[in-house]
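Shown next, in structure tokens, is the structure this report addresses.
Values quoted throughout were computed directly from the atomic coordinates according to the rules given, and no laboratory measurement underlies them. From a predicted model like this one, the values you see are computed outputs, not experimental measurements. Ideal geometry is used to build each Cβ from the backbone, glycine not excepted, and the neighbour counts take in all protein chains shown.
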Ligand code: SUG
């Protein structure tokens, strides 16, 4: 089938304000690196190098742009008035923590941007996308509207794409996007995907019983949000499964499912503390996907969860290569951690489609708790749908060269939380994003352009 699905890796471009502000309770790296000096330019270039490495494997890569930070429109909705400069000065002097909250480059973790179901799986045959509301963390919740606008700018053709509104309300429907979503399927080797099954994991239930909840760290995704996603994504109800994240996993730093589990096609690798009752889950998946299903479980004895959280072997990209073999793109930290590395090597030696591991340096993102898998949103598309995307986001050789030059021109190589109050950082970001929206032919997606 020449129009068979291709999984496109939509990578978030790291924004010019990338910094370490210690904003995410429950994310160990974010807390530990609070206040350290960041390198926004280095971070953005690490991201571009990862995109190139993935593209060189034969995978289609696309980009999602950063957002404007500090986000002055949010400050205005909180009652600050005057020019942008006056507002930023006042907030820096009187409300330094608020300045940190509106300055994070967290939109780089595009796994959290949305949850997607491809046209092959939906009742109306269109690609459905639900931007994540990211309600649990203030600095992430302010991403949702711009993310929706960016996705609508790219997926604007209503005959093939639906970009929904983020889920409404407050904490009841807290949604963290595809970080808690996994799509598995049986493959016949000819690119046809059969029996697609969607896992929508969650950490707490808004209305349900509360015995098994994490005790120390916040569970970000609610069961009610996951169920709403399955409805909005227009899936047949027997294609959706709703496992609970293990509360002990969350309490030990697995704030998103993708810190302890990753999979694609008929392959799934997970830590035993990723889900409550993972054995029942794996049996359910085996029934729904069939004999080709392969799962590998790391036990606490093989790979203590503390090592998994520090080295992120599960936050790898599992990529289906042309021809059907799979490769794992893992962070360098997993190569350096003997137990994480031994686990990944066991994966390659076992009976499953994964044939190689590529280790990449995304240390700047890792220091905020974001590995290779956090930096990308998987969107399975048909070539005829890729042709209908309205912006220039496919990461080809020419876009790579332009983005590299753009980062080198506009980004600083050193930033501390105290620099967030520097008015020229804001001006530099405005100039950079305005230019980027022209490079990507996105139209006026940012508030400051309207
Ligand atoms: O939401 N870190 C992000 C990391 C997101 C990782 N994504 C996935 N696992 N899919 C978060 O906790 C830290 C920002 C700071 O502390 O400066 C931050 O937001």
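I need the shape label for region 278-427. Rule: rounded when a/c is under 1.5, else prolate if a/b > b/c, else oblate, with a, b, c from the alpha carbon gyration tensor. Oblate, because a/c is 1.5 or more while a/b does not exceed b/c. Packing-based ranking of 24-33, 127-136 yields 127-136, 24-33, ordered from highest to lowest mean Cβ neighbour count within 10 Å.
Label zone of residue 394 (point 7 Å out along Cα→Cβ, amide N under 17 Å): in region 419-450 this covers 440-442.
In the chain, Cα pairs under 8 Å separated by at least six residues give a relative contact order of 24 percent. Annotation: the antiparallel percentage among DSSP beta bridges lying fully within region 287-400 is about 40. Expressed to the nearest 5 percent, the antiparallel share of DSSP beta bridges inside the chain is 55 percent. Mean residue ellipticity at 222 nm, helices only, the chain: -9500 deg cm²/dmol; runs of at least 4 DSSP H residues each add -39,500 (n - 2.57), and the sum is divided by the number of residues. Nearest 10 degrees, 0 to 90: what angle lies between the long axis of helix 397-410 and the longest principal axis of the chain (Cα atoms)? Its long axis makes an angle of about 40 degrees. Mind jotting down the distance between the C-alpha centroids of region 1-69 and region 368-408, whole Å? Distance between centres, Cα-based: 10 Å. When the alpha carbon gyration tensor of region 167-317 is reduced to an equivalent ellipsoid, its three semi-axes come out at 24, 21, 12 angstrom, largest first. Rg and Dmax of region 13-121, based on Cα coordinates, read 16.9, 53 Å. Seen from all directions on average, region 126-197 presents a Cα convex hull projection of 6.2 nm². Of all the C-alpha pairs in region 95-222, what % are more than 22 Å from each other? Tail fraction, whole percent: 46.
Quarter the surface of the alpha carbon convex hull of region 8-68 and you get the mean projected area, 4.9 square nanometres. Taking the longest Cα principal axis of the chain as reference, the axis of helix 423-439 is set at about 50 degrees. For the chain, the alpha-carbon coordinates run over 63, 48, 42 Å along the three principal axes, in decreasing order.
The shape of region 80-159 can be summarised by an equivalent ellipsoid whose semi-axes, obtained from the alpha carbon gyration tensor, come to 35, 13, 8 Å from longest to shortest. The C-alpha atoms of the chain define a longest principal axis, and helix 223-232 lies at about 80 degrees to it.
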